[in-house]
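Peer 1: I am attaching a structure below and will ask some questions about it afterwards.
Every read-out reported here was derived from the displayed coordinates using simple, explicitly stated rules and does not represent laboratory data. From a predicted model like this one, the values you see are computed outputs, not experimental measurements. Note that we place each Cβ from the backbone using ideal geometry, even for glycine, and neighbour counts take in every protein chain shown.
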Amino acid sequence: MHRVFHIFSYTFNSYDTIVLLGVLAGIFYLYWTLSKIQQIRKKDLTLFLFIMLFVQQVGGVIIPYVWKLIRRGTWLHLFDQSSPGRFFHSVFISTLIYVILTCKLLKWPLSKVLDKFFIGAVLTSAIGRIGCFMQGCCRGKPTTLPWCVYFPAHPLDCLHPTQLYMFGAETVLFLALLYVDKHKKYDGFTFWTGVLLYSIYRFLIEFVRVNPIFIYGMTHAQVFSVYTFGLSLLVLLKNQSKKSK
């Protein structure tokens, strides 16, 4: 693993740099696709995406810190640099709320924007997993499989490279959603299909990741996935029944 890399006389944190590249890739994708929607002016879109840079940062860092404060009752974790402190679900929820509010305010077609938003979010996350692998965070459980990895923080245990599993799964999901979006039956179909598929994949990957149990033998991510799976399935079935009439 390489937590830092050097360019000339400058040192960069691998995780922060790659996550930023992922965010920029997602924002570039959104600009490229949303600028084609007639109701969206490029001037408004540029400002929208610029603000999104800060919204995702707040969602990825501040919200998890507040959650940890509630759980631990202390601010001491702010000085713990053992993990980057970003969580996909907090980034996604905060940015999703921002997207919905902006669409309502500017009268943008919400369903069309959400379709592109989810694809961009998956692209961002997939690239960010490479940073997780280089950082050594989001690691997996011990295994004897031939592709297990020894991370610097755990030199005695050979672990599942779950970061690479997630990179592969999210890359496939990104490509699949591009196809779905091109052939979608209605606006919003890509978003809810993406939520459904992500929920399934994320629920399963948690079985080989090192995450604390939250409730009923499930991690936070699994509980969240159960809820989002049920919600997305319900919406898709409801919309399908409407289209059949």
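Peer 1: Please compute one quarter of the surface area of the Cα convex hull for the range 192-245 and express it in square nanometres.
Peer 2: Mean shadow area of the hull around the Cα atoms is 3.7 nm².
Peer 1: Greater than 27 Å separation of Cα atoms is the criterion. Which listed pairs, LYS42/LYS238; LYS43/LYS242; LYS112/LYS238, meet it?
Peer 2: Those over the limit are LYS42/LYS238; LYS43/LYS242.
Peer 1: Right, something else. How big is the dipole moment of the chain about its Cα centre under a simple scheme where the beta carbon of each Lys and Arg is +1, that of each Asp and Glu is -1, and everything else is neutral? Debye, nearest 20, please.
Peer 2: The dipole of the chain has a size of about 920 debye.
Peer 1: Ok, one more. If you average 1/r over every pair of different alpha-carbon atoms in the range 4-244 and take one over that average, what Kirkwood value in Å do you get?
Peer 2: After inverting the mean inverse Cα-Cα distance, the result is 19.3 Å.
Peer 1: Then there's this: Would you order HIS160, HIS220, HIS2 from fewest to most other beta-carbon atoms within 10 Å of each residue's own beta-carbon?
Peer 2: Listing HIS160, HIS220, HIS2 from fewest to most nearby Cβ atoms yields HIS2, HIS220, HIS160.
Peer 1: Need one word for the range 111-245: rounded, prolate or oblate. Basis is the Cα gyration tensor (sqrt eigenvalues a ≥ b ≥ c); a/c below 1.5 gives rounded, then a/b vs b/c decides. Spell out each step's value before the answer.
Peer 2: Details: a/c = 3.09, a/b = 1.90, b/c = 1.63.
Prolate, since a/c reaches 1.5 and a/b exceeds b/c.
Peer 1: Taking LYS182 as the anchor, which aspartates and glutamates have their alpha carbon closer than 19 Å to its alpha carbon, excluding any fewer than eight residues away along the same chain?
Peer 2: ASP115, GLU170
Peer 1: Indicate the helices, whole DSSP H runs only, in the chain that combine a mean Kyte-Doolittle hydropathy of -1.0 or more with a Cα extent along their long axis of 15 angstrom or more.
Peer 2: Values: long enough: 14-34 (30 Å, 1.41); 42-57 (23 Å, 0.95); 88-106 (26 Å, 1.78); 110-135 (36 Å, 1.03); 162-182 (30 Å, 0.94); 189-205 (24 Å, 1.32); 220-244 (36 Å, 0.32).
Both cut-offs are met by 14-34, 42-57, 88-106, 110-135, 162-182, 189-205, 220-244.
Peer 1: Sequence-distant or interchain residues sharing an amide H contact under 5 Å with VAL4, placed H: which?
Peer 2: Hits under the 5 Å cutoff: SER14.
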